[in-house]
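Data block below; observations after.
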Amino acid sequence: MSNSLFKISGGYIYDPTNGIDGQVKDLWIENGKVVHPPADPFAQPARTLNASGLVVMPGGIDMHCHIAGPKVNTARKMRPEEKRKADPVSRTAITHSGTMGSVPSTFATGYKYAGLGYTTAFDAAVPPLTARHAHEEFQDTPCIDKGFYVLMGNNHYVMKSIKDQDPQRLQAFVGWLLGAAKGYAAKLVNPGGVEVWKHHAAGNVNGLDEPVDYFDVTPRQIVGSMSRSIDALGLPHPVHIHCNQLGMPGNWRTTLATMEALEGRGHITHIQFHSYGGGDEDEETFCSRVQPLADYVNSHNNLTVDVGQVMFGETTSMTGDGPLGYYLHNVYGGKWFSADTEMESGCGIAPIKYRNKSLVHAWQWAIGLEWYLLVNDPWRVVMSTDHPNGGSFLAYPQIIRLLMDRTYRQDILKTVHPAVRAGSVLADLQREYTLNEIAIITRAGPAKILGLQNKGHLGPGADADITIYTPHENKETMFELPRYVIKSGRVIVEEGEIRENLIGKTLHVGPDYDRDIEDDISQWFEDYYSIRFRNYPVSDDYLHDHEQVACIVSDEAGIPELTDGPAS
Ligand SMILES: [Zn+2]
């Protein structure tokens with residue numbers, strides 16, 4: 001048997017899942033996995049990488065971004081002016097060329113994530129009808145493992161099952177749909193609101209208890225029923241919610257009501273966009289309401305959040321929230337794209353530029369940072385920019401610096417709109433994240449929230465996805481250019497240069513569901529869809545390299561609680 005042992009020797013290991021906080025240790029890798037050190041103390045690895053003096057972490061995991069599918073591709077086509085300005089990724093003997101800007105091409109997306117030390121990313125909003133497109137783009141997105149969340153919050157069959165008070169049928173449909181799309185998790189985007197937008201000019205729902213036309217269900221019912229169904233299916237990730245009224249002044253009450261409406265576990269995404277005080281009539285009243293929401297999260301451990309940090313500069317907003325796209329277009333003018341996907345979802349795209357002297361934008365920036373600093377348990381708050389909505393994933397190193405260096409944070413705060421300088425609690429927040437806490441909010445935490453047992457840690461059995469950094473006083477410098485990035489046990493990046501090309505695998509689920517439902521779904525497709533039931537599911541052989549992550553059905557009644565993270 002040939003020796004394929006690979007040893008990473010002498011690095012400072014940050015592995016919060018296993019309670020390792022900067023201790024010097026060796027890591028042993030074989031066949032793409034972290035393994036126990038060999039029993040024979042004289043065993044020689046085939047290869048050793050000397051990591052002494054360097055910081056070793058699991059590969060980063062982006063649990064909420066937009067990198068594949070028709071919405072992303074339309075946004076790429078909409079922004080040629082950006083692509084002409086931004087430096088492209090050059091072709092090498094190993095890599096393809098690619099374009100940059102706020103919506104990089106598929107190849108550039110994979111290379112840039114890997115270059116930053118991220119080895120897994122999830123697209124957060126794919127209509128199941130377009131699942132094939134997303135899978136095809138994943139095959140062109142190299143270096144990282146990836147998966148997507150399936151849009152369900154405005155799906156007609158979902159709303160009909162809730163209206164008919166048939167939770168068994170709802171659960172079976174959610175299980176069938178995830179398996180058919182080869183998706184990873186269920187996503188609700190403005191539950192019910194997108195459907196109202198399809199029927200009425202400028203339509204939307206204005207709160208959790210406003211019924212959706214024709215279906216006569218409320219967002220509260222959709223949130224409650226879906227969280228219960230998803231937990232009953234034993235999906236690795238709980239319901240993933242983009243709340244109603246994104247971006248609207250005063251929307252924090254709706255966000256709080258959504259948290260209260262959960263009947264099981266829930267993940268609230270890009271919560272920064274949902275934490276606003278103030279009223280419509282006067283922009284000057286716009287303000288932060290992070291504190292009461294963070295208090296609720298701190299005291300309810302069925303809840304997790306990712307932030308959706310806004311960073312100043314130009315980007316492209318893209319959302320399954322059709323009415324939101326329309327709203328942004330009205331505010332900012334310029335380009336706008338809107339589309340509906342049959343019985344399933346909607347979409348809105350509009351370019352946007354966040355300015356530090358704008359009252360609203362400065363608040364958005366501050367509110368994101370308040371979230372990181374006011375949630376007590378780093379295992380329940382995840383770093384995200386909702387790429388590219390709040391900013392590019394390429395801003396992560398700068399966000400890390402903002403969290404680890406309060407002097408830098410205060411310096412930036414001094415440059416923003418004066419009302420935010422005076423009104424935000426940021427000026428008083430002294431908290432600085434440690435390296436261990438950064439490892440939690442960028443890899444260990446998202447892995448745990450996603451139910452990825454082989455990722456986000458460096459214990460035996462973990463995927464050997466590992467990022468090695470050169471320590472630096474300036475944390476942005478440290479995190480923007482890892483020394484080495486290892487994917488599945490192979491060194492794929494050295495100081496930003498791609499050394500080896502691999503495609504990575506697609507992560508998906510295949511829940512058990514009551515097969516009796518298929519006759520009913522089949523008839524539904526015959527009656528209403530533009531595609532036959534039998535042609536709809538994506539088969540295993542359509543996918544490239546892929547892994548089905550297990551669903552674990554628990555017999556326990558009641559609200560399942562996240563276990564606490566290990567003490568650090
Ligand atoms: Zn998003």
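The values are calculated or read from the model by the stated rules, or taken from the named source; none is laboratory data. Just so you know, these numbers come straight off a predicted model, no measurement behind them. Neighbour counts run over all protein chains shown; Cβ positions are idealised from the backbone, glycine included.
Side notes on the structure shown:
- With respect to the stated conditions, G234 is over 23 Å from D295 (Cα atoms), surrounded by fewer than 23 Cβ atoms within 10 Å (Cβ to Cβ), in contact with a Cys (Cβ under 9 Å, 6 or more places away or on another chain) and not charged (D, E, K, R).
- Selection of segment 452-469 for residues being out of contact with any helix residue (DSSP H, G or I) (no Cβ under 6 Å at 6 or more places or on another chain), of a type outside the set (D, E, K, R) and under 25 Å from P397 (Cα atoms) yields L452, N454, L458, A462, A464, I466, T467, I468.
- Hits in segment 308-321 - residues which are more than 13 Å from the ligand (Cβ to nearest atom) and either polar (S, T, N, Q) or within 12 Å of the chain's Cα centre (by Cα) (or both): none
- Verdict on H267 being within 16 Å of the ligand (Cβ to nearest atom) and of a type outside the set (S, T, Y): yes
- Residues in segment 239-270 that are under 17 Å from W371 (Cα atoms) and among the charged types (D, E, K, R): R253 only.
- For N376, the requirement of being away from the ligand (no atom under 15 Å from the Cβ), in a loop (DSSP other than H, G, I, E, B) and either in contact with a Gly (Cβ under 8 Å, 6 or more places away or on another chain) or modelled with pLDDT of 95 or more (or both) is met.
- R47 vs. criteria of a type in the set (K, R), free of Cβ contacts under 8 Å to residues at least 60 places away in the same chain, away from the ligand (no atom under 16 Å from the Cβ) and within 20 Å of T119 (Cβ to Cβ): yes
- Filter pass, V89 being buried (at least 21 other Cβ atoms within 10 Å of the Cβ), within 16 Å of the ligand (Cβ to nearest atom) and within 26 Å of T442 (Cβ to Cβ): no
- I67 meets the conditions (1) more than 16 Å from the ligand (Cβ to nearest atom); (2) touching a strand residue (DSSP E or B) at 6+ places or on another chain (Cβ under 8 Å); (3) within 24 Å of I492 (Cα to Cα); (4) not small (G, A, S) in every case but one. The failed one is (1).
- When residues in segment 266-293 are screened for being over 26 Å from L151 (Cα atoms) and assigned to a helix (DSSP H, G or I), 3 of them pass.
- Residue check, V360 among the β-branched types (V, I, T), over 19 Å from G69 (Cα atoms) and within 13 Å of the ligand (Cβ to nearest atom): no
- Some residue of segment 421-442 being more than 21 Å from V375 (Cα to Cα) and polar (S, T, N, Q): no
- Of the strands (runs of 3 or more DSSP E) contained entirely in segment 438-539, those carrying at least 1 residues that are basic (K, R) and either touching a His at 6+ places or on another chain (Cβ under 7 Å) or surrounded by 14 or more Cβ atoms within 10 Å (Cβ to Cβ) (or both) fall at 484-487, 490-494.
One line per residue, one yes/no per condition, for (1) closer than 26 Å to H387 by Cα; (2) in a loop (DSSP other than H, G, I, E, B); (3) among the basic types (K, R); (4) under 25 Å from the mean Cα position of the chain (by Cα):
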position: F148; (1), (2), (3), (4): yes, no, no, yes
position: Q165; (1), (2), (3), (4): no, yes, no, no
position: Q171; (1), (2), (3), (4): no, no, no, yes
position: K187; (1), (2), (3), (4): yes, no, yes, yes
position: A201; (1), (2), (3), (4): no, yes, no, no
position: E210; (1), (2), (3), (4): no, yes, no, no
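- Each residue in segment 390-429 was checked for being assigned to a loop (DSSP other than H, G, I, E, B) and surrounded by 24 or more Cβ atoms within 10 Å (Cβ to Cβ), and 2 of them qualify.
- Among residues of segment 101-125 being more than 10 Å from T141 (Cα to Cα) and part of a loop (DSSP other than H, G, I, E, B), the one that is farthest from the ligand (Cβ to nearest atom) is G117.
- Among the residues of this structure, V305 counts as one that is assigned to a strand (DSSP E or B), within 16 Å of the ligand (Cβ to nearest atom) and buried (at least 19 other Cβ atoms within 10 Å of the Cβ).
- Hits in segment 165-203 - residues which are at positive phi and out of contact with any strand residue (DSSP E or B) (no Cβ under 6 Å at 6 or more places or on another chain): Q165, N190, G192, A202
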